[in-house]
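Colleague: Got a structure for you, questions after.
The values are calculated or read from the model by the stated rules, or taken from the named source; none is laboratory data. Since the structure is predicted, the reported quantities are computational estimates derived from the model, not experimental observations. Every residue, glycine as well, gets a Cβ built from its backbone with ideal geometry; the counts of neighbours run over all protein chains shown. These accessible areas exclude ligands, DNA and RNA; they are computed on the full protein's heavy atoms, side chains included. Shrake-Rupley method; radii C 1.70, N 1.55, O 1.52, S 1.80 Å.
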Amino acid sequence: MQEISKRWDSGLMWSHYTQAHEGFCVGFKEEHEYFRKDSLKAVIGDFILEKVNYSNERSMVPHQRPTKKEAFKIIFSKSSDWEYEKEFRAIDMLRNADKTIEMKPYNLALFNVPHEAVGEIVIGLRANNNLCESISQFSKTHSIPVYKAKVSKRSFDIDRLMV
């Protein structure tokens, strides 16, 4: 499962998901074929991209194997405390993984997202020079705009500057 958000500017999210601003954020082109509901993978049911449903009530896991509808309700649910994230979740079948890394207790399945589906990259406030250089080279090769995150002077969110 991959988590996607409509926000790149939340300081709290940068703290949670990018090793305290040391990582980067990838912005996707939501109109790209990879994310479309009428793509072949979506039509045959291998790929699902849906908004997260925020609620004050926990989804209950049934004692028996859940139906597909019950499973999706659980997977696409999250506490209302996280609503500021404006999150989407993407699910693909493990058999479609481009690479699997054996780990314990579970293997890690990796899926290639087409470079053409990447719309921008935002580098964290505290990213090291090696990461910045790697992203810079990648973005030049694939003509992807790159920004550097900075502390906003107007709010508690993050601003960005074109690199």
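Colleague: What figure in square angstrom, to the nearest 10, would you give for the accessible area of Leu108 with a 1.4 Å probe?
Modeller: 70
Colleague: Identify all lysines with a Cα-Cα distance to Lys51 below 25 Å; exclude those on the same chain that are fewer than 8 residues away in sequence.
Modeller: Cα-Cα hits under 25 Å: Lys6, Lys29, Lys37, Lys41, Lys68, Lys69, Lys73, Lys78, Lys86.
Colleague: Moving on. Only Cα pairs under 8 Å and at least 6 apart count here; give the relative contact order of region 64-163 as a rounded whole percent.
Modeller: Once divided by the residue count of region 64-163, the mean separation gives 16 percent.
Colleague: Still on this structure, I have one more. Run the numbers for Gln137 and His63: contour at 0.36 nm per residue of separation, minus the present Cα-Cα distance, in nm.
Modeller: Gain on stretching Gln137 to His63: 21.6 nm.
Colleague: Quick one: Debye curve from the C-alpha atoms of region 1-147, no solvent, what's log10 I(q)/I(0) at q = 0.09, 0.21 Å⁻¹?
Modeller: Log10 of I(q)/I(0), two decimals: -0.35, -1.51.
Colleague: Along its principal axes, what span do the Cα atoms of region 83-136 show, with the longest given first and each in whole Å?
Modeller: In descending order, the Cα extents are 35, 30, 26 Å.
Colleague: Give a quick list of GluC sites (Glu not before Pro) in region 67-112 that DSSP marks as loop, anything other than H, G, I, E or B, with at most 14 other Cβ atoms within 10 Å.
Modeller: Numbers: sites: Glu70, Glu83, Glu85, Glu87, Glu102; in loops: Glu102.
Answer in residue order: Glu102.
Colleague: Here is a further query. Ignoring ligands, DNA and RNA, what accessible area per residue does region 1-120 give at 1.4 Å, in Å²?
Modeller: So region 1-120 comes to 72 Å² accessible per residue, rounded to a whole number.
Colleague: While we're here: Roughly how many debye, to the nearest 20, is the charge dipole of the chain about its Cα centre, given +1 on each Lys and Arg Cβ, -1 on each Asp and Glu Cβ, and no other charges?
Modeller: 180
Colleague: Additional query: Ignoring any ligand, DNA or RNA, what whole percent of the accessible area of region 89-163 comes from carbon and sulfur when the probe is 1.4 angstrom?
Modeller: 53
Colleague: Something else now. Work out, in µm²/s and without decimals, the Stokes-Einstein translational diffusion coefficient of region 1-51 at 25 °C, 0.890 mPa s, Rh from Kirkwood over C-alpha pairs.
Modeller: Rounded to a whole number, D works out at 193 µm²/s.
Colleague: Okay, moving on. For region 18-82, what % of the accessible area comes from carbon and sulfur atoms, probe 1.4 Å?
Modeller: Exposed carbon and sulfur together represent 54 percent of the surface.
Colleague: Further question on the same structure: Ordering Val118, Val151 by accessible area with a probe of 1.4 Å, largest first, what comes out?
Modeller: Highest to lowest solvent-accessible surface, that is Val151, Val118.
Colleague: With axes computed from alpha carbons, what is the tilt in degrees of helix 129-142 against the longest principal axis of the chain, rounded to the nearest 10 within 0 to 90?
Modeller: Once rounded, one gets 80 degrees.
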